[in-house]
Amino acid sequence: MKILIIEDEAHTGEYLKQGLREAGYFCELARNGVDGLHEATEGDYGLVILDVMLPSIDGWSVLSSLRRKKSQLPVLYLTARDSVEDRVKGLELGADDYLIKPFSFSELLARIKTLLRRGGQIQDTTSLQIADLQLDLVRRRVTRSGRRVDLTAKEFGLLELFMRRRGEVLPRTLIASLVWDINFDSDSNVIDVAVRRLRAKIDDGFDTKLLQTVRGMGYVLDEPDH
């Protein structure tokens, strides 16, 4: 499996390249946005690891260009840009994951393996669907069985995260980091309350329940038979 790393910081780039090669991946390193976009467009890669702050053109522009070309190449942002606005922007542009520097290499490997397992199952970046639940990213609308579901902005972001990671058990720490931009406090029930409210809106009144609790691990969104 070939992975393209687009990273301008020399030490980080070489660290990633060496570590991923030792993990069994073939890697190439591009040190600016122009070269990275060319490689991602023309090369035969299974995944791109992309920084945001790059010379020539930034990581936002690289991803936007890829998606305009209808490329479904999985892209993982690896960046020091850690605000919730940046994370939301990355996902809205079509990123498949977003990891903050400094990072754990073991967590990076786990996320890479997850993205590669999903492969061709990556959802269309303008519309997501699971069973009769549909999420329109352009119009910011959610429907189930054709009925409009009204969500707050935070609930919409939470649902988008679940749908992009269909079938994955998402721990509370990850949800807190990506949606709330906070470190999870085990004494806080903010995540549980938010998930409970979202579940009431998308599942109550429907025979098939999509949002499930996995005790001691987190939450998962999928059709029950999956």
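The values are calculated or read from the model by the stated rules, or taken from the named source; none is laboratory data. On a predicted model such as this, the values are computed, not experimentally measured, just so you know. Using ideal geometry, Cβ is built from the backbone for each residue, glycine included, and neighbour counts are taken over all protein chains shown. Just the protein is used for accessible areas: all its heavy atoms, side chains included, with ligands, DNA and RNA removed. Shrake-Rupley method; radii C 1.70, N 1.55, O 1.52, S 1.80 Å.
List of remarks:
- Candidate cross-link partners of Lys89 among the aspartates and glutamates, defined by an alpha-carbon separation under 17 Å and a same-chain spacing of 8 or more, comprise Asp51, Asp58, Asp97, Asp124, Asp136, Glu155, Glu160, Asp181.
- Using the Karplus relation 6.51 cos²θ - 1.76 cosθ + 1.60 with θ = phi - 60°, the per-residue 3J(HN,Hα) values for region 133-149 come to 9, 10, 10, 9, 6, 6, 8, 6, 10, 10, 9, 9, 6, x, 9, 5, 10 Hz, with x marking Gly and Pro.
- Remark: for residue pairs Lys2/Lys154; Lys17/Lys101; Lys154/Lys209; Lys17/Lys154, the C-alpha separation exceeds 26 Å in Lys2/Lys154; Lys17/Lys154.
- Just the protein heavy atoms count here, and of the accessible area of the chain at 1.4 Å, carbon and sulfur take up 47 percent.
- For the chain, built as a Gaussian network whose Cα springs stay under 10 Å, the top-fluctuating residue of Val75, Val88, Val149: Val149
- The chain: C-alpha pair distances exceeding 27 Å, %: 34 percent
- Extension gain, Ser71-Thr114: 0.36 nm per intervening residue step, less the Cα-Cα distance, totals 13.6 nm.
- Alpha-carbon Rg/Rh ratio, for region 2-117, with Rh computed the Kirkwood way: 0.91
- The modelled label-to-label distance for the pair Thr126/Arg147, using points 7 Å beyond Cα in the direction of Cβ, is 2.8 nm.
- Selection from Trp60, Thr114, Val169, by position along the positive dipole direction of the chain (Cβ): Val169
- List Arg165, Arg31, ordered by accessible area with a 1.4 Å probe, largest first: Arg31, Arg165
- Sites Ala10 and Asp82, calculated FRET efficiency, Cβ-Cβ separation with R0 30 Å, nearest 0.05: 0.90
- Accessible area in square angstrom per residue, the chain, 1.4 angstrom probe: 49 Å²
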